[in-house]
Amino acid sequence: MGDKAAASGNDPKRARDESVEPDDVLSERAKREEISARLASIIEHSNDAILAKDLTGTVISWNKAAERMYGYPAEEMVGQKLDRLLPPDRKNEVMEIVDRIRRGEDVEHFQTVRQRRDGERISVDLTVSPILDTEGEIVGASVIARNITDQLDRERAVLRSETRLQIAKDAAGLGIYEWNIVTGIIAWDRRIRAIWGIDREEVVTFETFAAGLHPDDRDSTQQAIDEALDPDGNGRFEAEYRVIQRGTGAMLWIRATGLATFERRQPLYLVGAVQDVTEMRRMVTSLEQADRRKDEFLATLGHELRNPLSAIMTSVECMRRGAGDPDSLYDLIVRQAEHMTSLMNDLLDIGRVTRGDVRLRRERLQLADQIDLALKTLRTEIEAKGHEVEVSIAPPDLVIVADPIRLEQILINLVGNAVKYMLQSGTITIDAGVVGDSIEIAIRDTGIGLPDEGDATRIFDLFYQARKGSGGLGIGLNLVKSLVELHGGKVTVHSEGANRGSTFRVTFPARAVTKPSTPPSDTALPTDLQNLRVLVVDDHEDALRAVGVMVANYCETRTAISGKIALEEARRFRPQLVLLDLALPDMNGFEIAAAIREMPGLERVRIVAMTGFGDSETTRQVEEAEFDGHVLKPIPIRSLLDIFRSTLEGANGDTTESA
Ligand code: ADP
């Protein structure tokens, strides 16, 4: 650098040595002074802060812009150390810059922070250059400083809003596009490229977009685009279409929105966002299907309840008029009422199983007894249709560990279906035995079979019916599957095809023994039953009368239609057993039970709750209130006799459940 200065020919050292100053030298100096003054003026009026410092960091010059920027007038700065501009955390910075200048390094656009006279911190961009003396030695540095606080704030704001936009886009799963209609090029972001299966490098045009559209959606999408690009419209683009992803062939549902911009009625850009709504569509479709299934189910339910009801009402009418054979009318009524009861139980149980409300009471059971019970329940239907039943159990005294009520429900549903789905008289074969470490029960029929292979899995779905109007709700097999699985077992179906029969196979794990089995319900009735005093409480007049008549057939009976009457009767009649409805208008069953138990001499009375609610909350309340049992209406005669028996035996806490 020294050489450069010497070679310049403007060496002031040489000029100083001249004792006589010729004219040209004088004019040369005048010119230089003029240039120098002009430079000084430029510096003084520059919009950038320009200052000079020596190698100790002392300020030599300080222009107007520096005064404005840092708030210090020149008088306060010239001759002072530049360090006063440094915030406390950057105290060494001036000397570091000076060192770099000394080493001959350029310092350009060094961005840092300085502190104004009023203490405010500002962001500055510094360009520092060396000042050379006449020998070419570095004697100081000039600094051009620019306040970039606003610019940085703006940049940060842009960055923040871009980051926010990106986060929002990611959160909403939005892809952004910009279609330059004039050039035909579409700018797609990463997300849209991924949807279409297009890599980053590929140039995207309208053709790329159109090629990915599902053929069935091309026309409607094109129409939505045409409307958006119509200068007389509002420029809005909204469409939902399917995209067939290049490479994978996957089909995705896309919702697209956009807005077109125009210049002199010519569309220039269509800019907007797309969203992958495949999952949402799938959920909407499945909700719509569920809603349709619910409507169908309600229609089926109405149908299924109306049929047995009309059979019952007609039979009752016939009996009243003395028409027809009373025995067969009676059988018909029983059959239809039992059918309605089992529909109702299945229906309520579906909800309970789904909520996890069903608790199993596993017992050791003779499988033969359980199959017998189920066949007895279905006897009238089997006989009416003229079906044969063949049962073979190996070994004949095979013991199964299961919940007796649930096992009966499983068997009744499967055998009931076999009865129902054999349109002509046929044969039901029940084979049970041990296979490996499981007990397997196979129920085979010679009925309509399953024409469609897919039915083998679908028929276990809730509400699924291969043929509508076949007399059911489409819930039985779903319940069977849940109950079998609750036992740790499995149920499958096999059919050779239409009209070739079906075989349902249920397997239960062959478990270790738990509780001893309950005595069969049909054992002889206790002889002293007629002395048992039973109070029946229900606000439903007909239900009360019916249960009253039934109980009176075996025991000494009183009935009460309200809480108040119940307490009066309890005091007078001193019952040993109370069958108590929980929902009475004047008092609830819990209050009645508590009041009865407080009566002297009635502390040990047996009180059984009788409800239409089988939900877990009612069950919990009944258990907490220490009722001696809980039966669901309608009460099967078997359960009633069990309650009488255990009351006479003085047994405690032997809760009876629904049918
Ligand atoms: P549903 O009340 O309709 O009988 P299920 O859940 O018990 O309901 O059965 C579901 C469907 O499975 C039935 O509608 C019927 O189409 C089919 N299905 C059930 N059992 C049999 C069977 N033994 N033979 C032929 N099809 C059957």
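The values are calculated or read from the model by the stated rules, or taken from the named source; none is laboratory data. Computed from a predicted structure; not experimentally measured. FYI the Cβ positions are ideal-geometry reconstructions off the backbone, even for glycines, and counts take in every protein chain you see. Just the protein is used for accessible areas: all its heavy atoms, side chains included, with ligands, DNA and RNA removed. Shrake-Rupley method; radii C 1.70, N 1.55, O 1.52, S 1.80 Å.
Taking the criterion of being assigned to a strand (DSSP E or B) and in contact (Cβ under 8 Å) with a residue 60 or more places away in the chain, would at least one residue in segment 164-171 satisfy it? Spell out the reasoning first.
Of all residues in segment 164-171, those assigned to a strand (DSSP E or B) come to none.
No, every residue in segment 164-171 fails to be assigned to a strand (DSSP E or B) and in contact (Cβ under 8 Å) with a residue 60 or more places away in the chain.
Looking at segment 503-513, can you tell me whether even one residue there is aromatic (Phe, Trp, Tyr), more than 10 Å from the ligand (Cβ to nearest atom) and modelled with pLDDT of 80 or more? Outline the logic, then answer.
Filtering segment 503-513 down to residues aromatic (Phe, Trp, Tyr) leaves 504, 508.
Subset that is more than 10 Å from the ligand (Cβ to nearest atom): 508.
Right, trim to modelled with pLDDT of 80 or more and you get 508.
Looking for residues that are aromatic (Phe, Trp, Tyr), more than 10 Å from the ligand (Cβ to nearest atom) and modelled with pLDDT of 80 or more, one finds at least one in segment 503-513, hence yes.
Which residues, counting only those in segment 131-163, are without any contact (Cβ under 8 Å) to a residue 60 or more places away in the chain, open to solvent by less than 60 Å² (accessible area, probe 1.4 Å) and not aliphatic (A, V, I, L, M)?
If we filter segment 131-163 for residues that are without any contact (Cβ under 8 Å) to a residue 60 or more places away in the chain, which is where we start, we get 133, 148-163.
Remaining after also requiring open to solvent by less than 60 Å² (accessible area, probe 1.4 Å): 133, 148-149, 152, 157, 161.
Of everything in segment 131-163, those that are without any contact (Cβ under 8 Å) to a residue 60 or more places away in the chain, open to solvent by less than 60 Å² (accessible area, probe 1.4 Å) and not aliphatic (A, V, I, L, M) turn out to be 133, 149, 161.
When the residues of segment 215-230 are filtered to those that are touching a helix residue (DSSP H, G or I) at 6+ places or on another chain (Cβ under 9 Å) and farther than 26 Å from residue 264 by Cβ, which remaining residue is surrounded by the fewest Cβ atoms within 10 Å (Cβ to Cβ)?
So the residue we want is 218.
Could you list all residues from segment 618-635 that are open to solvent by less than 30 Å² (accessible area, probe 1.4 Å) and outside any helix (DSSP H, G or I)? Walk me through it before giving the result.
The first filter runs over segment 618-635 and keeps only residues open to solvent by less than 30 Å² (accessible area, probe 1.4 Å), leaving 618-619, 622, 627-632.
Listed by number, the residues that qualify are 627, 628, 629, 630, 631, 632.
Do you know which residues across segment 359-410 are surrounded by fewer than 16 Cβ atoms within 10 Å (Cβ to Cβ) and within 15 Å of the ligand (Cβ to nearest atom)?
385
Pick from segment 262-305 the residues that are among the acidic types (Asp, Glu) and surrounded by 14 or more Cβ atoms within 10 Å (Cβ to Cβ): which of them is nearest to the ligand (Cβ to nearest atom)? Steps first, answer last, please.
Taking segment 262-305 and keeping what is among the acidic types (Asp, Glu), we get 263, 276, 279, 288, 291, 295-296, 304.
Adding the requirement that they be surrounded by 14 or more Cβ atoms within 10 Å (Cβ to Cβ) leaves 276, 296, 304.
Values: 276: 36, 296: 12, 304: 8 Å.
So, considering only residues that are among the acidic types (Asp, Glu) and surrounded by 14 or more Cβ atoms within 10 Å (Cβ to Cβ), the one nearest to the ligand (Cβ to nearest atom) is 304.
Restricting attention to segment 411-437, and to residues there that are in a strand (DSSP E or B) and either within 19 Å of residue 478 (Cβ to Cβ) or not β-branched (Val, Ile, Thr) (or both), which single residue is nearest to the ligand (Cβ to nearest atom)?
We begin by selecting, within segment 411-437, every residue in a strand (DSSP E or B); these are 427-435.
Filter once more, keeping what is either within 19 Å of residue 478 (Cβ to Cβ) or not β-branched (Val, Ile, Thr) (or both): 431-433.
Values: 431: 15, 432: 17, 433: 21 Å.
My answer is 431.
Only one of (1) open to solvent by less than 50 Å² (accessible area, probe 1.4 Å); (2) at pLDDT below 90; (3) of a type in the set (A, V, I, L, M); (4) away from the ligand (no atom under 16 Å from the Cβ) is not met by residue 340, so which one is it?
(4)
When you look at residue 440, is it of a type in the set (Asp, Glu), more than 8 Å from the ligand (Cβ to nearest atom) and surrounded by fewer than 16 Cβ atoms within 10 Å (Cβ to Cβ), yes or no?
Values: of a type in the set (Asp, Glu): yes; more than 8 Å from the ligand (Cβ to nearest atom): yes; surrounded by fewer than 16 Cβ atoms within 10 Å (Cβ to Cβ): no.
So residue 440 fails the test.
Quick test for you: out of 477, 473, pick the one residue that is outside any helix (DSSP H, G or I) and either within 13 Å of the ligand (Cβ to nearest atom) or in contact (Cβ under 8 Å) with a residue 60 or more places away in the chain (or both).
Numbers: 477 fails: outside any helix (DSSP H, G or I).
From the options 477, 473, the qualifying one is 473.
If you check 563, 489, 548, which single one turns out to be in contact with a strand residue (DSSP E or B) (Cβ under 9 Å, 6 or more places away or on another chain), under 30 Å from residue 427 (Cβ atoms) and modelled with pLDDT of 90 or more? Explain how you work it out, then say what you get.
Numbers: 563 fails: under 30 Å from residue 427 (Cβ atoms); 548 fails: under 30 Å from residue 427 (Cβ atoms).
After ruling out the rest, the residue left standing is 489.
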